[in-house]
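K.L.:
I am attaching a structure below and will ask some questions about it afterwards.
The values are calculated or read from the model by the stated rules, or taken from the named source; none is laboratory data. Keep in mind that this is a model prediction, so the values were computed, not measured. Glycine also receives a Cβ, built like all others from the backbone with ideal geometry; neighbour counts cover every protein chain displayed.
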Protein chains: 2
Amino acid sequence: MDKILRIQMGPDHPPKAVTEPIGDYAGSGGRGMTSAVVAKEVPPLCHPLGAENKLVIAPGLLSGSAAAMSGRISVGCKSPLTGGIKEANSGGQAAQVLGRLGYAAIVLEGKPAEDKLYKLVVNKDGVEILPADDLKMLGNYDAVEKLTAEYGDKICCLSIGQAGEMKLGAATVACTDMELRPSRHAGRGGVGAVMGSKGIKAIVLDDSGLSMRSPMDSDKFKEANKAFVAGLKKHPVTGQGLPAYGTNVLTNVVNEAGGYPTYNFKTGRFDKAAAISGETQAETETARGGQATHGCHRGCVIRCSGTYMDKDGHYLTKQPEYETVWAHGGNCGIDDLDSIAMLDRLDDDFGLDTIEMGATIGVAMDAGLAEFGDAAKAIELVKEVGKGTPLGRILGSGAGVTGKVFGVERVPVVKNQSMPAYDPRAVQGMGVTYATSTMGADHTAGYAVTANIMGVGGSVDALKPEGQIELSRNLQIATAAIDSTGMCLFIAFAILDQEETFQALIDMINAFHGLNFTGDDVTEMGKKILKMERDFNERAGFGPKDDRLPAYFRQEALAPHNITFQVNDADLDTMFDF
Amino acid sequence: MDKILRIQMGPDHPPKAVTEPIGDYAGSGGRGMTSAVVAKEVPPLCHPLGAENKLVIAPGLLSGSAAAMSGRISVGCKSPLTGGIKEANSGGQAAQVLGRLGYAAIVLEGKPAEDKLYKLVVNKDGVEILPADDLKMLGNYDAVEKLTAEYGDKICCLSIGQAGEMKLGAATVACTDMELRPSRHAGRGGVGAVMGSKGIKAIVLDDSGLSMRSPMDSDKFKEANKAFVAGLKKHPVTGQGLPAYGTNVLTNVVNEAGGYPTYNFKTGRFDKAAAISGETQAETETARGGQATHGCHRGCVIRCSGTYMDKDGHYLTKQPEYETVWAHGGNCGIDDLDSIAMLDRLDDDFGLDTIEMGATIGVAMDAGLAEFGDAAKAIELVKEVGKGTPLGRILGSGAGVTGKVFGVERVPVVKNQSMPAYDPRAVQGMGVTYATSTMGADHTAGYAVTANIMGVGGSVDALKPEGQIELSRNLQIATAAIDSTGMCLFIAFAILDQEETFQALIDMINAFHGLNFTGDDVTEMGKKILKMERDFNERAGFGPKDDRLPAYFRQEALAPHNITFQVNDADLDTMFDF
């Protein structure tokens, strides 16, 4: 992983591939890499769909190695949704394969002169940029099927669906899992639209004939990895809850805590939550011959994924995540798992962020386009996106645009990105993360649910403003670092609670790269990334007023706790004082 | 004009009218009044369509008097289009009538609890708020016809069309002219959407039984007014050009100067401009029995308006303004005056800003929704807005949203408001105004075409950056002051060039109000308003990066001068250093 692959799409020359040494970017991985390239090379005021923007795809520092859980790939750019810097990351096979191929990053640059589609094929023999107009307006599932037919089943794919081709704000980059299903997504912020603007429909990666990346100190690495895995297995969240029920184990937890945004963030508890909980979901999956426990990439030991079969026992989609089940479920008043799974499948196929789409349908329901709870109509609405109708394009542009077009006042976005599945009034630490994250409203940027609800990594009263800034800040810093390693964020539960597991992670990084990192160095790495991202956003025109929740979160009290967002603005403005 | 009428729409009480003394707002008129109320009373981070926003409708300091040209009414709010402060002003009868009714402002506040429509009837006997669901989704022409049938032909109306009811970003507030045609519009920034969000379909004003406002010193006032009118008649622009051909006299002038944005700002000259010039337009109007010279309000002596008949000699619309003819004409590659007039009529009827709509259709053409030059398709597209289809709602939301939804990179907006009919590369002073105005891209905010192209108020080379900041600054300050008097901005041509005409205006204000204003006081008034607006925008989250043209204006050279926008950012950032 000492080289960078630049795909230069034009417009003043035909598309070409240039491989160059990693140079100044050495030591950066994942989000650290994508944000460094974007911060340094992308003019902050450029148009996100223009030639000056770049799409950076980077495996983490440990990706491609034998390190457990190191399968996350980061996709970064200036976001068409937020207008700020963006890193969206995804599971699936791409990080591991790209790591083995030796690339620290693929950077898509420029813009083709003509309105044509291309695919990129990267294997041990090199790189090819080929026409791909035969994939035009195919969904991710069909596109991957065609690519598999052509390139065999040892590949993995990054691709965009119709949404990315249409350059919509909710468009994702899909990553195939171990079964070559485009079911994992770099979901947020419209990264798929930027890939679409570069004219790249798919990237085919094939590491056949290549071996795993080798650590500098193999023995120490193995030992650390073993301790790390043991730590994950030991922790109740990563060892039991997530494997058994997947992320959807949270439905009951968050609903019970009164922080489950229901009916477009109108109340904090959904009376039909039990019907769509992780427990019900796992039972349904197993009963139909699907899997309730499954890994999304080689080397996963948490295995929070699964497969969701339809009523006839045929594969419909991967096990929908908690945030997806919430977005298309409680947030829209929908309590039918099959409908939610269908919506997940459609989102994955069209290449749409499930969180953004669920929030958008919630706003559309407030606009009167459907009744809350009308699953059939919700499915119809999402299908509009695949068809590319004007209505579909509105919805695929996300909640912010949908709110504008339909004149809806209550639109749950920060920096124009939809809030995920935790109401900021009942989980105030999450509200701080939504408000201040460089990414827009994003739960993964600083997952305060840990100390607010789960009692992981300490305990901070979810309903009070006290302590939330510090909690969110520490989490945002730690997350930026984790997102650079290629590690799945879910390791955080174990490393927050178990010092020896955190140490094992550091030992693993040190043994692999021949470094002497301490915990403080990891923190410093996180801080450096956040500052870089914050600086980009400032240069793009963001200021303190962009670090605010929509006004109604301070005005409308949320049942059952009847509470508004309490953290004051002056405190929010201290987030980056570090 | 010593009282303010507040219409409190709820939601926690039925709509009610409260009249209060002018109090602290004494001495403010027009834009000075609307901006003062918005700056003081509207929370800068509120949702523009929410209960906290206010729509302020204010006649100018001289409106309702015998002062010539004092018929402009200001409509202000937090803009749903820009997110910043907004003042849009309009001709028509409303300012004169509201002045005679004695109101310094009508302030629409709150939001009704139910989704119902209301109308407001204001006459010498008082104020009534009445249900108006019978006007639901009527165009402005039909709505006014119904209101005239009910209230007689002595009224004047402020109303919204379908666009305002749908709360779209391009929605206007229409004002009737002397013939009770809703043909004059407070067009920019979506003020009609805010009126729609308050549930007010129309405001019926009737000054029957009331007399003109009397000056403090009648003799001096008469004398000053006479000198003022003489000055207007003497100046070639206000005395000859505008009366003969209307504002569309500019088509040939700006096209000749190479600053006529053509095909969505791709070139600066339209080879078919002659077909849609003011000269051709006046000839067509006269030949069909329309008027090429006409005043839009009582007391107008410039009479730049007109009436445009269809081929059968029936009234189709008022004489389309230069910016309208450009927006729907050259900007869309359309060279047919009848089609442009039809588009103007549709915009007026639906209540849409012609500039925003023309720029939007240009963007839609770049998106492939129609070919440049296809007038029939352009008409179809605008009709979609009236129908309220998803496509219509997209277009009615303006160029920014349309660009997002259709993934178009070249979108000519500043602060999300479309640029008008002067390319900022070939009229660089105009570019400075677009970039820095508190209003978003707005030619009227600081009309640098004067010194850049027309040789009025001095001469500054349109193609060079030198002197543009100072030019725009002085014009922005002067304009803010003029917009407070109720005076039509077109008096600027005469008062910039003729010191005695400027003095006559000041004498008129002094004689009317018993003041001793000097030219410096007028400048101070303008500065104070601009600072107040700028401060609101800063509190709403605007910073220096919002004072920029889209990047492509610095990258793509404009023919025929092959020039990019040259004024540097550091200089733009000095605009408010006064």
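K.L.:
From the list B:Gly278, B:Gly299, B:Gly290, B:Gly231, which residue is touching a residue at least 12 places away in the same chain (Cβ under 8 Å) and touching a strand residue (DSSP E or B) at 6+ places or on another chain (Cβ under 8 Å)?
P.N.:
B:Gly290
Per-residue answers, yes or no, for (1) buried (at least 24 other Cβ atoms within 10 Å of the Cβ); (2) of a type in the set (Asp, Glu):
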position	(1), (2)
B:Gly403	yes, no
B:Glu409	no, yes
B:Gln417	yes, no
B:Asp423	yes, yes
B:Gln428	yes, no
B:Gly431	yes, no
B:Met439	yes, no
B:His443	no, no
B:Ala448	yes, no
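K.L.:
Checking the conditions here, which among A:Val56, A:Val38 is more than 14 Å from chain B (Cβ to nearest Cβ) and in a strand (DSSP E or B)? I'd like the intermediate steps shown before the answer.
P.N.:
On the way: A:Val38 fails: in a strand (DSSP E or B).
Just one listed residue meets the conditions, A:Val56.
K.L.:
Restricting to the range A:497-510, name every residue that is surrounded by 22 or more Cβ atoms within 10 Å (Cβ to Cβ) and not β-branched (Val, Ile, Thr).
P.N.:
A:Ala504, A:Leu505, A:Met508
Let's see how each residue does on (1) within 23 Å of the chain's Cα centre (by Cα); (2) crowded, with 24+ Cβ neighbours inside 10 Å; (3) without any contact (Cβ under 8 Å) to a residue 12 or more places away in the chain; (4) outside the structural domain of A:Thr360 (by TED's automatic domain parsing):
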position	(1), (2), (3), (4)
A:Asn255	yes, no, no, no
A:Lys272	no, no, no, no
A:His294	yes, no, no, no
A:Cys304	yes, yes, no, no
A:Leu316	yes, no, no, no
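K.L.:
For A:Ala58, only one of the following conditions fails: (1) touching a strand residue (DSSP E or B) at 6+ places or on another chain (Cβ under 9 Å); (2) on the phi > 0 side of the Ramachandran plot. What is its number?
P.N.:
Answer for A:Ala58: the failing condition is (2).
K.L.:
Please go through the range B:202-224 and give me each residue that is in a loop (DSSP other than H, G, I, E, B) and surrounded by 23 or more Cβ atoms within 10 Å (Cβ to Cβ), ordered by number. Full working, then the answer.
P.N.:
The initial filter retains those residues of the range B:202-224 that are in a loop (DSSP other than H, G, I, E, B), namely B:206-217.
Once the filter is applied, which keeps residues that are in a loop (DSSP other than H, G, I, E, B) and surrounded by 23 or more Cβ atoms within 10 Å (Cβ to Cβ), the range B:202-224 yields only B:Pro215.
K.L.:
I would also like to ask the following. Does the range B:101-139 hold any residues that are touching a His at 6+ places or on another chain (Cβ under 9 Å) and crowded, with 19+ Cβ neighbours inside 10 Å, and which are they?
P.N.:
Initially, the range B:101-139 is screened for residues touching a His at 6+ places or on another chain (Cβ under 9 Å), giving B:110, B:113.
Listed by number, the list holds a single entry, B:Gly110.
K.L.:
Of the residues A:Gly196, A:Gly231, A:Gly246, A:Gly190, which single one is closer than 30 Å to A:Ala282 by Cβ and within 23 Å of the chain's Cα centre (by Cα)?
P.N.:
A:Gly246
K.L.:
Just checking: which of the helices (runs of 4 or more DSSP H) contained wholly in the range B:238-344 hold 3 or more residues that are in contact with a helix residue (DSSP H, G or I) (Cβ under 8 Å, 6 or more places away or on another chain) and within 27 Å of B:His561 (Cβ to Cβ)?
P.N.:
Result: B:250-256, B:278-287, B:322-328.
K.L.:
Let me ask something additional. Do we have A:Lys531 as in a helix (DSSP H, G or I), under 23 Å from A:Ala88 (Cβ atoms) and out of contact with any strand residue (DSSP E or B) (no Cβ under 7 Å at 6 or more places or on another chain) here?
P.N.:
Considered against the rule, which asks whether it is in a helix (DSSP H, G or I), under 23 Å from A:Ala88 (Cβ atoms) and out of contact with any strand residue (DSSP E or B) (no Cβ under 7 Å at 6 or more places or on another chain), A:Lys531 comes out as yes.
K.L.:
Could you check the range A:511-523 and list, in sequence order, the residues that are more than 23 Å from the chain's Cα centre (by Cα) and under 20 Å from A:Thr34 (Cα atoms)?
P.N.:
A:His513, A:Asp521
K.L.:
In addition: Mind checking whether some residue in the range B:397-418 is more than 19 Å from A:Leu49 (Cα to Cα), assigned to a helix (DSSP H, G or I) and either away from chain A (no Cβ under 12 Å) or of a type outside the set (S, T, N, Q) (or both)?
P.N.:
no
K.L.:
Also, quick follow-up: With the requirement that a residue be at the interface with another protein chain (Cβ under 7 Å from one of its Cβ atoms) and either within 17 Å of A:Val432 (Cβ to Cβ) or touching a residue at least 24 places away in the same chain (Cβ under 8 Å) (or both), what does the range A:522-549 give you? Give the steps one after another, and end with the answer.
P.N.:
In the first step, residues of the range A:522-549 are kept if they are at the interface with another protein chain (Cβ under 7 Å from one of its Cβ atoms); the result is A:540-541, A:543, A:545-546, A:548.
A:Ala540, A:Gly541, A:Lys545, A:Asp546, A:Arg548, listed by residue number.
K.L.:
Looking at B:Leu5, B:Leu49, which one is farther than 21 Å from B:Val204 by Cα, touching a residue at least 12 places away in the same chain (Cβ under 8 Å) and either of a type outside the set (Asp, Glu) or assigned to a loop (DSSP other than H, G, I, E, B) (or both)?
P.N.:
None of the others qualify; the one that does is B:Leu49.
K.L.:
Something else: Scan the range B:99-127 residue by residue and report those that are among the β-branched types (Val, Ile, Thr) and more than 22 Å from the chain's Cα centre (by Cα). Let's see the steps before the verdict.
P.N.:
Filtering the range B:99-127 down to residues among the β-branched types (Val, Ile, Thr) leaves B:106-107, B:121-122, B:127.
Hits for the range B:99-127 are B:Val121, B:Val122, B:Val127.
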